[in-house]
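What follows is a short report on a single structure.
No lab work stands behind these numbers, since they all come straight from the coordinates. Here the structure is a predicted model, which is why all the values come from computation and not from measurement. Ideal geometry is used to build each Cβ from the backbone, glycine not excepted, and the neighbour counts take in all protein chains shown.
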Amino acid sequence: MPQVVHAAAAAVFTASCPSVHGYPFLTTAAANLLDAFASDDQRRRFMHPMVEGRVFGTMCLSEPQAGSSLADIRTRAEPVEGRTYRITGDKMWISGADHDLAENIVHLVLAKIPGGPPGVKGISLFAVPKFRILADGTRGERNAVRVSGINHKMGQRGIVNCALVFGQDGECLGELVGEPHKGLACMFHMMNEARIGVGLGASAVAYAGFAYSLAYAKERRQGRSPLQKDPRAPGAHHRARRREAHAAGAEGVRRRRPRAVPLLRSPRGRRAGGRLGGSQARGRAPARGADADR
């Protein structure tokens, strides 16, 4: 599906409930990342179930002690066999981290392989499923990735946001995606898609607010129209109400224009001089006198 068509369809769901749409939004971005960098076998076992809607995805970057400084992450990946690694560490602020909406969750985790370059150049990317996925694509035993805490957010509380711990109470296995030490470059594929999605979501929510405000203004009856004898006319007939409805959404932001500062007048009705008010506009204190005392 073309990205423009997908974005237009996604905007409708985001406008209705951005929290709920966060689950398929993250899964779509994770599937696109796997399609770009994963092996054929990983696409078959990880990506295809995401496309089918049976498996959801997340992105695991930040850590409690590092925040957004990815160069300081401590999550480690010890080689086991082939592209399989043993993952240990903590991740923070993970949207969609754990739930029962799907039969499995695949976490895309940034971690460091021992002996790699320092800083962000030593970061690798791993696919870590909640339930291990066997060679034939079926679901295996539970992987050692657990929720260690729930983050209480100010907004979008309809999508769970958790802290995750990997390998604390058992063996947590993940598979290397892409090349070693190139994980951050791979993750930017998902991060950039998320940035576009967040911007689109903000526009969709703003437009939803405008639509609700406009509908309310049309239905609410208040005052009267100058052209009608009916004492109660819909609120949308009033210019002030129309301005409020536009200001409530993205359409209002687009339509608003800067307005000139009104001319100030003295108590006797004379113009106080210029748009900013006479002596104040020229940086001088107002003269004392009868007008000033009033």
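A few comments on the model shown:
- Arg195-Arg220 FRET efficiency (beta carbon distance; Förster radius 22 Å; 0.05 resolution): 0.05
- The simple spin-label model puts a point 7 Å past each Cα toward its Cβ; for Lys121 and Val12 those points are separated by 4.9 nm.
- A straight Cα-to-Cα reach below 29 Å connects Lys91 with the lysines Lys112, Lys121, Lys130, Lys153, Lys182, residues fewer than 8 places away in its own chain not being considered.
- Net charge, Thr75 excluded, C-beta distance under 10 Å - Lys, Arg +1, Asp, Glu -1: +2
- Relative exposure of Asp136, Asp90, judged by other C-beta atoms within 10 Å (fewest first): Asp136, Asp90
- Positive minus negative residues near Thr27 (Lys, Arg vs Asp, Glu; Cβ under 11 Å): 0
- Scalar couplings 3J(HN,Hα) for segment 98-110, obtained by applying the Karplus form with A = 6.51, B = -1.76, C = 1.60 to θ = phi - 60°, are 7, 5, 10, 6, 9, 6, 7, 10, 10, 8, 9, 10, 8 Hz; x denotes Gly and Pro.
- Estimated distance in nm for a label pair at Ala71 and Ser19, the labels positioned 7 Å out from Cα along Cα-to-Cβ: 3.8
- Normalising by residue count, segment 73-132 has a Cα convex hull of 90 Å³ per residue.
- If R0 is taken as 22 Å, the Cβ-Cβ distance between Asp169 and Val80 corresponds to a FRET efficiency of 0.75.
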